[in-house]
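Take a look at the structure set out below.
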Amino acid sequence: MKFGIQHPSFTLDGDGPAIVDSIKKVAVKGEDLGYDSFWVMDHFHQIQNVGQPQEPMLEGWTTISVLAGLTSKIKLGTLVTGNTYRHPSVLAKTGATLDVLSKGRLIMGIGAAWTEEEAMAYGIPFPPTKERLERLDEAVQVIRHMWTEDKANFDGRFYQLKDAYCNPKPIQKPHPQILIGGAGEKRTLRTVAKYADASNIFGSLETVRRKLGILREHCNEVGRDYDSIVKTKGGRVIFGDRESIEKGFEQMGMNQQMTREFLTYGTPEQIRQDMEEFAAAGIDGLIFSFDPRQEFETVTKFGNDVLSTF
């Protein structure tokens, strides 16, 4: 089991130059504790379930590029890049450059994009869901062509390439891991089965089992080795007495079943048991965010009390 840190909020990182020092502190500590990866979101406004849209939000690819120079081992990625924000050939060039400059530490997280309000605010086209998913399917193919072929050519419905160079190629061979975020059962997981190296989903143990079962079915249909795909789960960790935490959820009017879809909470022993159950269900990696008010402390606690036991 591998573990990653997601840093979704910059609100408490300080102003101006202080922001980079705050992010560096967490990323370097994670690297020292043995976390496998460090992730930021690819959003231009803060998203609703994290904060208010006007809160600070650094551009994701610039952020992980700076972190590449401040760290030495931990892998870096966006969880996940919205495909509609950039042409996939340009994204492939950006990713290849970062993989070279980080000496082979990029994970290419990508998804169909989902925040319509953000796209409208920035004047970015936001096609209907079906088209965005079809574009994602083509985009992953484009990226693979750019990273593995001398001159990339592609003739799709949405994207076309003609003798496109991407030199230097990424350090990682045959190419950096492409991780698709999302668990749509008909389209997204099928694109994972066809083209991705990794998948990232959210959900409770029951949800994860169902989604992985559907992914396996898609793999069987397209002739893909299910075990060749790295399965990861996202979420947030809260330490404390589980009963007290659940009572707090009730007082806030939060549905316990819904919280279990996105949160992992309890004592280190209870959280460790949850991690073992996810591993038994087929999850290979867990990517967690932590309370931004005490992120450094909880990243450290999780690393010492949970990660170190795997």
Tally, over region 47-89, of residues that are without any contact (Cβ under 8 Å) to a residue 40 or more places away in the chain and within 24 Å of Pro125 (Cα to Cα): 11
Residue match in region 174-197 (condition: among the aliphatic types (A, V, I, L, M) and more than 19 Å from the chain's Cα centre (by Cα)): no
Test: residue in region 212-233 that is surrounded by 16 or more Cβ atoms within 10 Å (Cβ to Cβ), over 19 Å from the mean Cα position of the chain (by Cα) and among the basic types (Lys, Arg): yes
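How many of the residues in region 244-290 are basic (Lys, Arg) and either under 14 Å from Val306 (Cα atoms) or under 17 Å from the mean Cα position of the chain (by Cα) (or both)? Steps first, please.
Filtering region 244-290 down to residues basic (Lys, Arg) leaves 247, 260, 272.
This time we only want the ones that are either under 14 Å from Val306 (Cα atoms) or under 17 Å from the mean Cα position of the chain (by Cα) (or both), so: 272.
Selection size over region 244-290: 1.
Do we have any residue at all in region 137-150 that's of a type in the set (A, V, I, L, M, F, W, C) and either free of Cβ contacts under 8 Å to residues at least 12 places away in the same chain or more than 25 Å from Ile64 (Cβ to Cβ) (or both)?
Of the residues in region 137-150, the ones of a type in the set (A, V, I, L, M, F, W, C) are 139-140, 142-143, 146-147.
Of the ones still in play, those that are also either free of Cβ contacts under 8 Å to residues at least 12 places away in the same chain or more than 25 Å from Ile64 (Cβ to Cβ) (or both) are none.
Scanning region 137-150 turns up no residue that is of a type in the set (A, V, I, L, M, F, W, C) and either free of Cβ contacts under 8 Å to residues at least 12 places away in the same chain or more than 25 Å from Ile64 (Cβ to Cβ) (or both).
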Elements of type strands (runs of 3 or more DSSP E) in region 19-137, at least 2 residues being under 28 Å from Phe158 (Cα atoms): 75-78, 106-111
Residues that are closer than 21 Å to Arg105 by Cα, among the hydroxyl-bearing types (Ser, Thr, Tyr) and surrounded by fewer than 20 Cβ atoms within 10 Å (Cβ to Cβ), drawn from region 150-201: Tyr195
Where Phe239 falls short, out of the listed (1) of a type in the set (Phe, Trp, Tyr); (2) within 28 Å of Thr78 (Cβ to Cβ); (3) surrounded by fewer than 19 Cβ atoms within 10 Å (Cβ to Cβ): (3)
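List the helices (runs of 4 or more DSSP H) inside region 154-271, counting only whole elements, that have at least 1 residues being over 20 Å from Gly4 (Cα atoms) and without any contact (Cβ under 8 Å) to a residue 12 or more places away in the chain. Steps first, answer last, please.
On the way: elements: 188-195, 205-222, 242-251, 256-262.
Answer list for region 154-271: 205-222, 242-251, 256-262.
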Number of the exception - Thr264 against (1) surrounded by 16 or more Cβ atoms within 10 Å (Cβ to Cβ); (2) at pLDDT 95 or above: (2)
Matching option when the condition is of a type in the set (Phe, Trp, Tyr) and buried (at least 20 other Cβ atoms within 10 Å of the Cβ), among Trp114, Trp147: Trp147
Tally of residues being closer than 21 Å to Asp163 by Cβ and crowded, with 24+ Cβ neighbours inside 10 Å across region 66-95: 3
Index of the failed condition, Thr129 passing every other in (1) buried (at least 20 other Cβ atoms within 10 Å of the Cβ); (2) out of contact with any helix residue (DSSP H, G or I) (no Cβ under 8 Å at 6 or more places or on another chain); (3) not small (Gly, Ala, Ser): (1)
Any hit, region 99-110, residues being in contact (Cβ under 8 Å) with a residue 40 or more places away in the chain and over 19 Å from the mean Cα position of the chain (by Cα): yes
Given (1) within 23 Å of Ala196 (Cα to Cα); (2) surrounded by fewer than 23 Cβ atoms within 10 Å (Cβ to Cβ), index of the condition Ala18 fails: (1)
Asp36 vs. criteria in contact with a Pro (Cβ under 8 Å, 6 or more places away or on another chain) and charged (D, E, K, R): no
Single residue of Gly95, Gly82, Gly51 found to be modelled with pLDDT under 95 and not β-branched (Val, Ile, Thr): Gly51
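The values are calculated or read from the model by the stated rules, or taken from the named source; none is laboratory data. Nothing here was measured: the structure is a model prediction, and the numbers come from that model. No Cβ is skipped: glycine too gets one built from the backbone with ideal geometry, and neighbour counts run over all protein chains shown.
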